[in-house]
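Every number here is computed from the coordinates shown, using simple stated rules; none is lab data. Note that this is a predicted model, so its numbers are computed, not measured. Cβ sites come from the backbone with ideal geometry, for glycine too, and all protein chains shown count toward neighbours.
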Amino acid sequence: MDFTKPETVFKLENIRNELVKMEDSIIFQFIERSHFPTNGNVYIENNTKLPLGDFDGSFLDWALMHLEITESQLRRFESPDETPFFPDKILSSILPSINFPQILAPSAENVNYNNKIKGVYIKEIVPLISKYDGDDANNYGSVAMTDIQCLQSLSRRIHFGKFVAEAKFRSDEELYTKLIKERDIDGIMKHITNSAVEEKILQRLTTKAEVYGVDPTNKESQRKITPEYLVKIYKEFVIPLTKEVEVEYLLRRLD
Ligand SMILES: O=C(O)C(=O)C[C@]1(C(=O)O)C=C[C@@H](O)C=C1
């Protein structure tokens, strides 16, 4: 898949292959996060234990915003598959722009689920993947950095729903145009859903978590990620959020 060649992006098979590759990044980032406790202090807004001057937000927000500002100057958010958490704070790139052809509908950049993704990550995912529920002030910086890696990978995966939706729209423009014009959200959701593909993803994740989640030379060692939690995270959060992105993108597709 190459964003400078739109014909490679509109193939559902290519998009699904990318989604499979992203599973590995997400699993390995979850494994990195599993070395640390929950460290709730990192997520508390305006936390007196972590003073940040005038900044209004959590330590994680502060770190993520500063990283995104630098990454924006390195052209990260010009790529159609990257979505910033702080769209109002990012800067123009220092590097010259790559003129990507228009692949998605112009309204695509307004579909930004990052606040929701961050909320779900902190509330639902961190407790499942952390080493234990507790705090270790020596790890705040490392935790924020691994959280950022996890969040950026989840964001990329979930916002890939836009490409899936575009490919599906192009495969049956008449049907989707009708559903969009009728604002038939249930109808759109029904047509974008492929239960067999979802089932296959969950089966593959079970196998991957079995293999990657434990030291292969010492199967009795502590498991870093369990199939049960990985499947739960995908089934309850990652896939449903991807579908929400698909529906919202399609609702704006004709704007
Ligand atoms: O592969 C697709 O067709 C998608 O829409 C992506 C995805 C997913 O999130 O992995 C979402 C909805 C489908 O039911 C199956 C899988």
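Here are the numbers:
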| item | result |
| --- | --- |
| Helix-only [θ]222 nm of the chain, DSSP H runs n ≥ 4, -39500 (n - 2.57) each, per residue, nearest 500 | -16500 deg cm²/dmol |
| Listed residues Thr217, Val42, Ile122: farthest to the positive end of the dipole of the stretch 6-251 (Cβ charges) | Thr217 |
| Residue-count net charge about Glu198 - beta-carbon cut-off 15 Å; Lys, Arg +1, Asp, Glu -1 | +4 |
| Selection from Ile94, Tyr249, Gly187 lying farthest towards where the dipole of the chain points positive, charges on Cβ | Gly187 |
| Three principal axis lengths of the stretch 6-251 [C-alpha, angstrom, descending] | 56, 46, 33 |
| Given Lys178/Lys243; Lys116/Lys200; Lys21/Lys200, the pairs whose alpha carbons are separated by over 21 Å | Lys116/Lys200 |
| Alpha-carbon centroids, the stretch 159-183 and the stretch 230-255: separation in whole Å | 13 |
| Pairwise label distance in nanometres, Asn14 with Lys181, each label 7 Å out on the Cα-Cβ vector | 3.0 |
| Eligible lysines near Lys131 by straight Cα distance, threshold 16 Å, same-chain separation 8 or greater | Lys123, Lys224 |
| Assigned charges on the beta-carbon of Lys, Arg, Asp, Glu; the chain dipole about Cα centre (debye) | 440 |
| Hits among aspartates and glutamates - C-alpha to C-alpha of Lys219 under 19 Å, sequence gap 8 or more where chains match | Glu32, Glu210, Glu228 |
